């Protein structure tokens, strides 16, 4: 089925309580929208939502591949839905559900899916906007895979679920883009989403990485809360800011590019059971000499119920961080990994395995609490600075005493004439310098005495 017409025209419209099931075939609009699933068209006050099922059907439109509105439901299996025009969208969801299953592919030259927060039009009560990407893919060829736009309260929430190997692919590297006055509830389970999640200044989002759900990307803008379940994981690929972080699973900082390390800012609290964090760190002497590491910066409080385990992915050969050689790690020595502006506790964080080693150096984690931190070390800006968790090492007191003794003995030998040194079975060869010189230059001249 192919039509021309204008941008507002649809090749096929299923409306007002109608149900359609299509297997195979093609629906195409050269100018407008390929398929419309809407809940309008009846007499005033009697509109009903429509339902469409596609199996292996190809749908395309220069403006929109498909539109779901008026409480309609679009369910697909192995379908292809595409927006083909220069600023097109694969599927627009105004009010209703798009359930993409079994390898369905959705694409648009701009966005793969556009979710509007607008419940106006028709008599069907607004139940929200829902996108389910179940073993399927949504791709924006030049912009975000999913864009959430134009919120009109109380219709400003978009629900996005990516499950069973679903994919969100943004041509600009963005998986989900939330506009001003909109809210997105994003869940990822048994899927790996590669791309950023961003929000405008007045946009909000809640992201949940559930069982075997992984996000690979940055999170920035608006107010975005992140929740990571026990088997969930977030691989942080660049500087990110979240409004809150519930951590039961894993946060893994991606390997640095050259010397570019990353910061994860939590504007509010770190909560949850504790979970695990993997941080890339150049193991050097730290302190004022320079610190090269990923960091977790918590501008609120730490309220976790368990200990967060820190795994350090090390580079470098290591060096002594005890710059003043006093045998302890001071608050300005070593490498700061985690800083907290509000309340925390000493056992909130611990090194997995107890230490990280590089060369002969064994680094351990040291917590500095209120009244113990060095304000000059703060990376928290105006949020305050109450807790600092730092990597450091030190020479043991025995090692310090031994090294001091060796230095003293060496200095004594270097300043003592050979005539006053007992050489035991060694003698000085006759071609050595005068005995009035110190012993050090003579030692290479020794030969074994004849017994």
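Out of everything in the stretch 352-396 that is exposed (fewer than 14 other Cβ atoms within 10 Å of the Cβ) and assigned to a helix (DSSP H, G or I), what residue ends up being modelled with the lowest pLDDT?
382
Which of the strands (runs of 3 or more DSSP E) contained wholly in the stretch 247-336 include at least 1 residues that are under 22 Å from the mean Cα position of the chain (by Cα) and under 20 Å from residue 364 (Cα atoms)?
Correct list: 250-253, 276-282, 295-298, 308-315.
Run down 20, 98, 82 and say which single residue is modelled with pLDDT of 95 or more, farther than 15 Å from residue 131 by Cβ and either under 37 Å from the mean Cα position of the chain (by Cα) or not in a strand (DSSP E or B) (or both).
82
Going by the conditions given, is residue 348 without any contact (Cβ under 8 Å) to a residue 24 or more places away in the chain and either in contact with a helix residue (DSSP H, G or I) (Cβ under 6 Å, 6 or more places away or on another chain) or closer than 19 Å to residue 301 by Cα (or both)?
no
Answer with yes or no whether residue 214 is part of a loop (DSSP other than H, G, I, E, B) and either out of contact with any helix residue (DSSP H, G or I) (no Cβ under 6 Å at 6 or more places or on another chain) or surrounded by fewer than 19 Cβ atoms within 10 Å (Cβ to Cβ) (or both).
When the stated conditions are applied, residue 214 does not pass them.
Out of the residues in the stretch 176-197 that are surrounded by fewer than 23 Cβ atoms within 10 Å (Cβ to Cβ) and at positive phi, state the one that is modelled with the highest pLDDT.
Result: 190.
The values are calculated or read from the model by the stated rules, or taken from the named source; none is laboratory data. Just so it is clear, the model here is predicted, and its values are computed rather than measured. All Cβ positions, even for glycine, are placed from backbone atoms using ideal geometry, and neighbour counts span all protein chains on display.
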